[in-house]
Amino acid sequence: MLLQLSICTFVTTATLIETLQSHFDRDRYLVTYCSTAKEFLAYIEQHKQHLDCLVLEENSQFGDLAHQLHQSKALLPAVLLLPSGTSCDVDGGCEIAYHDAEVYLSVDRIAQLLEAIDRAIDRFLQLPPPERSIDTRPSESTSPVSAETFLMEQQQRLADKLRERLGYLGVYYKRNPQRFLRNLPREERQKLIQQIQHLYHDIVLNYFFQNASLNQQIDEFVNLAFFADISVTYIVEIHMELMDEFSNQLKLEGRSEEILLDYRLTLIDVIAHLCEMYRRSIPRDS
């Protein structure tokens, strides 16, 4: 049985191409590297029915490239590689470029590439069909109905292929025990803990506001927690420590702590997402 996922990349930076090559496991991934837009679009047109995910470097060509992908009805899971240090959640600089389920990854976090691909596939399979879920430009050849129909066809094709290849939909949640929090070297473990705490802090601050990046933040947090094999109990500890910090601050300001009770909803929401991630990682019975 073929276990490989088919990936196509469009990357123009030579050093980044070399970095990508070092991260893909040849037993699990079949990767095609394209360095020009012409080469990339030609390959997509020929193979779009067999591809599982795109990895795209954001550059000056990307806007036109995304438009051409829509024109050719090539709607696929996608990971967008952003310049080092870029943070969509902080500066708000990552507008929807291809479709609502695209996943962003700064190149200085390229070690998380495989997890980002897994998340991109998961988000794509959950992308809702209404016409506004796909950010297409108006054209004579693409109507809202045809775009919606094509999206559903692509989702069904990908889901069927994953199920046929590996027997269950959660295959892309395959984890590496060496990346579990408890197995990381001390320095890496501390860095990951800080990252998880920082992400949860941002989620809490944004939870009751109309913040377009909130879902992306929750996805990123849950993804990190899942692949690091972090327990629900540990998430509760992070939440309680943060609430203690907020409580102390409110006391200093002479304000009531009652507002902190509302953030139990944040904890419940995040835990629900994480539990669903774990549930879907369990192979289905045939």
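The values are calculated or read from the model by the stated rules, or taken from the named source; none is laboratory data. Note that this is a predicted model, so its numbers are computed, not measured. Cβ placement follows ideal geometry from the backbone for every residue including glycine, while neighbour counts extend to all protein chains displayed.
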ask   = Out of the range 1-21, which residues are in contact with a helix residue (DSSP H, G or I) (Cβ under 9 Å, 6 or more places away or on another chain) and assigned to a helix (DSSP H, G or I)?
value = 16, 19, 20
key: Selection from the range 40-76 of residues that are more than 23 Å from residue 105 (Cα to Cα) and free of Cβ contacts under 8 Å to residues at least 12 places away in the same chain   = 42, 46
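Within the bounds of the range 40-60, is there any residue that is of a type in the set (Gly, Ala, Ser) and either part of a loop (DSSP other than H, G, I, E, B) or under 15 Å from residue 98 (Cβ atoms) (or both)? Write out each step before concluding.
First, pick out the residues of the range 40-60 that are of a type in the set (Gly, Ala, Ser): 42, 60.
Still in the list and also either part of a loop (DSSP other than H, G, I, E, B) or under 15 Å from residue 98 (Cβ atoms) (or both): 60.
The answer is yes, given that some residue of the range 40-60 is of a type in the set (Gly, Ala, Ser) and either part of a loop (DSSP other than H, G, I, E, B) or under 15 Å from residue 98 (Cβ atoms) (or both).
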query = Applying the selection to the range 90-117, what residues are modelled with pLDDT of 80 or more, among the acidic types (Asp, Glu) and under 15 Å from the mean Cα position of the chain (by Cα)?
reply = 102, 115
query = Which residue pairs have Cβ atoms under 9 Å apart, sit 6 or more places apart or on different chains, and have a first residue in the range 236-259 that is assigned by TED's automatic domain parsing to the domain that holds residue 193 and a second that is acidic (Asp, Glu)?
reply = 243/257; 246/257; 247/257; 250/257; 251/257
